[in-house]
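Colleague: Pasting in a structure now, in structure tokens, and then I'll have a few things to ask.
The values are calculated or read from the model by the stated rules, or taken from the named source; none is laboratory data. None of the values given here were measured: they were computed from a predicted structure. Methodologically, a virtual Cβ is constructed for each residue, glycine included, from the backbone with ideal geometry; neighbour enumeration extends over all protein chains shown.
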Amino acid sequence: MERPRLDFVAAWRDTALAVLRDGGVMLIMLLAPIIYGFFYPWPYGTQAVTRVPVALVDQDHSSLSRQITRFALANPRLDLRLVTADVREAQHALWRGDIEGFALIPADLRRDVLRGASTVVTIEANGAYALINKAVLYGFSEAVGTVSAGIEIRKLQARGQSEPQAMQSRSPLNIQLVPLFNPTEGYGSYVVPAVALLILQQTLLMGTAMLAGTWAEAGRLRAGWRAWLGRLAALSCFGFLSGLFFLGWVFFLQDYPRGGNPLGALLLLAFYVPAICSAGLLLGSWVRDRERALQVLLFTALPMAFVSGFSWPVEALPEPLQALRWLVPSTAGIQASLRLNQMGAPVAAVVPHLIVLGILGLGATAALLGIRPDAAEPGAQSKNPRS
């Protein structure tokens, strides 16, 4: 009766030692998450884009245009480098990369405003960079909008309204924007918590697939179901530690939104990590080659990120991809993690995602139990001439 337990324990021990003794597997499964945990968030440390170099083309030269210039100088999104009357000079500065955008104040702006005629302040920005483009557009819009609000209030006062009445008439319904789950509205707080789950998946997939490929090359891939569970448990322990490193230490160090539902996040890891490890073992058993498994997985991270649903609207994906994306553990893992760890949702809100991860893990584990040695395993050939 001791043999089944010993098979599980022996497989767990042998697998853990194999990871620690294999430099390549240890580098990917243990060291890579640590390196990524510090390296990947670093470019997003400033979170929000500020002080973007811009220009202002003032063709009006009036007190109103100078007021817009002062508000643009005071806006934290903008760094006003150039004030000119020549639109070509601003365009050439944009093309050279000296600035990232400019606003064009048309001639006779003040005259048109005094006459009550509509006028347009044109804003051009570098659309190649979404965050820079947003900063330029918002910065100039806020400067022009503030001046426009002051003009409207003065017109209402000229009609006999007091200042409080004019402010109320100008804006009867006020909107107060309060970001709930990304208080800083930073890009790092948006992208890193999701990508961390993808990094965890890719490092585990590559490490476990390489290890399975090594077993196949040595003819030691075949095992009983208890031994397979021991292998899976050992690899899941390493993955669980990496998950705790990301969800705990990295998010705390980088001050990302975290801790909404820590017990739910731990429950998610208990489903997410085994699903990844079983898929990695299955892939390595299928390709039966250490390096080929790494090559197969090396270029899959970007497609998996796009279909996961955090960087691109799921509704915009082709219908086949909307269904096939659930075959990748990171799809359910990322969506569940954002709900639990960032938004503080209850576990009941992610039960469908946990069910998907459970099905993926059980399916891959069931496929592992049916593996038999064949001619692709050199060790199996040496042990069994009939192979």
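Colleague: Residue by residue through the stretch 274-296, note down the ones that are closer than 11 Å to Leu205 by Cβ and buried (at least 24 other Cβ atoms within 10 Å of the Cβ).
Modeller: Here is the first cut: in the stretch 274-296, the ones closer than 11 Å to Leu205 by Cβ are 275-284, 293-294, 296.
Within the stretch 274-296, Ala275, Ile276, Cys277, Ser278, Ala279, Gly280, Leu281, Gly284, Ala293 qualify.
Colleague: Another one. Just checking, how many residues over the stretch 110-140 are within 20 Å of Leu64 (Cα to Cα), of a type in the set (A, V, I, L, M, F, W, C), assigned to a helix (DSSP H, G or I) and at pLDDT below 90?
Modeller: 2
Residues are listed down the side, and each one gets a yes or a no for (1) in a helix (DSSP H, G or I); (2) more than 20 Å from the chain's Cα centre (by Cα); (3) among the aromatic types (Phe, Trp, Tyr); (4) not assigned by TED's automatic domain parsing to the domain that holds Gly207:
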site: Phe251; (1), (2), (3), (4): yes, no, yes, no
site: Ala279; (1), (2), (3), (4): yes, yes, no, no
site: Ser285; (1), (2), (3), (4): yes, yes, no, no
site: Ser311; (1), (2), (3), (4): no, no, no, no
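Colleague: Further question: State whether one or more residues within the stretch 204-220 are closer than 25 Å to Ala11 by Cβ and not in a helix (DSSP H, G or I). Can you show your working first?
Modeller: Applying the first criterion (closer than 25 Å to Ala11 by Cβ) to the stretch 204-220 yields 204-220.
From what's left, not in a helix (DSSP H, G or I): 219-220.
Checking the stretch 204-220: at least one residue is closer than 25 Å to Ala11 by Cβ and not in a helix (DSSP H, G or I).
Colleague: So if I check each of Leu338, Leu317, Leu354, Leu360, which one is in contact (Cβ under 8 Å) with a residue 40 or more places away in the chain, surrounded by 14 or more Cβ atoms within 10 Å (Cβ to Cβ), farther than 14 Å from Pro274 by Cβ and of a type outside the set (D, E, K, R)? Before you say what the answer is, go through the steps one by one.
Modeller: On the way: Leu317 fails: in contact (Cβ under 8 Å) with a residue 40 or more places away in the chain; Leu354 fails: farther than 14 Å from Pro274 by Cβ; Leu360 fails: farther than 14 Å from Pro274 by Cβ.
Sole residue among the options that is in contact (Cβ under 8 Å) with a residue 40 or more places away in the chain, surrounded by 14 or more Cβ atoms within 10 Å (Cβ to Cβ), farther than 14 Å from Pro274 by Cβ and of a type outside the set (D, E, K, R): Leu338.
Colleague: Could you count how many residues in the stretch 160-181 are modelled with pLDDT of 75 or more and either loosely packed, with under 10 Cβ neighbours inside 10 Å or in the same structural domain as Ile34 (by TED's automatic domain parsing) (or both)? Step through it out loud before you land on a result.
Modeller: From the stretch 160-181, those modelled with pLDDT of 75 or more are 160-162, 164, 175-181; that's our starting set.
Filter once more, keeping what is either loosely packed, with under 10 Cβ neighbours inside 10 Å or in the same structural domain as Ile34 (by TED's automatic domain parsing) (or both): 160, 164, 175-178, 180.
Selection size over the stretch 160-181: 7.
Colleague: Only one residue in Ala209, Ala166 is among the small types (Gly, Ala, Ser) and either closer than 27 Å to Thr46 by Cβ or free of Cβ contacts under 8 Å to residues at least 40 places away in the same chain (or both). Which one? Explain how you work it out, then say what you get.
Modeller: Working: Ala209 fails: either closer than 27 Å to Thr46 by Cβ or free of Cβ contacts under 8 Å to residues at least 40 places away in the same chain (or both).
Just a single option satisfies the conditions, and that option is Ala166.
Colleague: Could we say that Ser330 is among the small types (Gly, Ala, Ser) and surrounded by fewer than 21 Cβ atoms within 10 Å (Cβ to Cβ) here?
Modeller: Details: among the small types (Gly, Ala, Ser): yes; surrounded by fewer than 21 Cβ atoms within 10 Å (Cβ to Cβ): no.
Taking the combined requirement at face value, the residue does not satisfy it.
Colleague: Does Glu124 satisfy the criteria of being under 35 Å from the mean Cα position of the chain (by Cα) and not hydrophobic (A, V, I, L, M, F, W, C)? I'd like the intermediate steps shown before the answer.
Modeller: Working: under 35 Å from the mean Cα position of the chain (by Cα): yes; not hydrophobic (A, V, I, L, M, F, W, C): yes.
Taking the combined requirement at face value, the residue satisfies it.
Colleague: Residues to consider are Gly213, Gly188, Gly207, Gly219; find the one that is on the phi > 0 side of the Ramachandran plot and crowded, with 17+ Cβ neighbours inside 10 Å.
Modeller: Numbers: Gly213 fails: on the phi > 0 side of the Ramachandran plot; Gly188 fails: on the phi > 0 side of the Ramachandran plot; Gly207 fails: on the phi > 0 side of the Ramachandran plot.
On inspection, the qualifying residue turns out to be Gly219.
Yes/no per residue for (1) out of contact with any Gly (no Cβ under 9 Å at 6 or more places or on another chain); (2) of a type in the set (D, E, K, R); (3) within 27 Å of Thr46 (Cβ to Cβ):
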site: Arg226; (1), (2), (3): yes, yes, no
site: Gly230; (1), (2), (3): yes, no, no
site: Val273; (1), (2), (3): no, no, no
site: Thr300; (1), (2), (3): yes, no, no
site: Ala316; (1), (2), (3): yes, no, no
site: Pro329; (1), (2), (3): no, no, no
site: Ala336; (1), (2), (3): no, no, no
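Colleague: Among the residues of the stretch 34-68 satisfying the criterion of being of a type outside the set (Phe, Trp, Tyr) and within 30 Å of Trp215 (Cα to Cα), which is nearest to the chain's Cα centre (by Cα)? Break it down stepwise before answering.
Modeller: Residues of the stretch 34-68 that are of a type outside the set (Phe, Trp, Tyr), as a first pass: 34-35, 37, 41, 43, 45-68.
Next cut, within 30 Å of Trp215 (Cα to Cα) only: 34-35, 37.
Numbers: Ile34: 17, Ile35: 17, Gly37: 13 Å.
The extreme case among them is Gly37.
Colleague: Determine whether Leu31 is touching a residue at least 24 places away in the same chain (Cβ under 8 Å) and either more than 30 Å from the chain's Cα centre (by Cα) or within 30 Å of Ala196 (Cβ to Cβ) (or both).
Modeller: Working: touching a residue at least 24 places away in the same chain (Cβ under 8 Å): no; either more than 30 Å from the chain's Cα centre (by Cα) or within 30 Å of Ala196 (Cβ to Cβ) (or both): yes.
Considered against the rule, which asks whether it is touching a residue at least 24 places away in the same chain (Cβ under 8 Å) and either more than 30 Å from the chain's Cα centre (by Cα) or within 30 Å of Ala196 (Cβ to Cβ) (or both), Leu31 comes out as no.
Colleague: Would you mind listing the helices (runs of 4 or more DSSP H) fully within the stretch 1-98 where at least 2 residues are surrounded by 13 or more Cβ atoms within 10 Å (Cβ to Cβ) and of a type in the set (Asp, Glu)?
Modeller: Working: elements: 2-21, 23-26, 32-39, 63-74, 87-96.
The helices (runs of 4 or more DSSP H) meeting that bar are 2-21.
Colleague: Please give the number of the condition Leu200 fails out of (1) farther than 30 Å from Ser308 by Cα; (2) surrounded by 14 or more Cβ atoms within 10 Å (Cβ to Cβ); (3) touching a Ser or Thr at 6+ places or on another chain (Cβ under 9 Å); (4) not basic (Lys, Arg).
Modeller: Leu200 satisfies every listed condition except (1).
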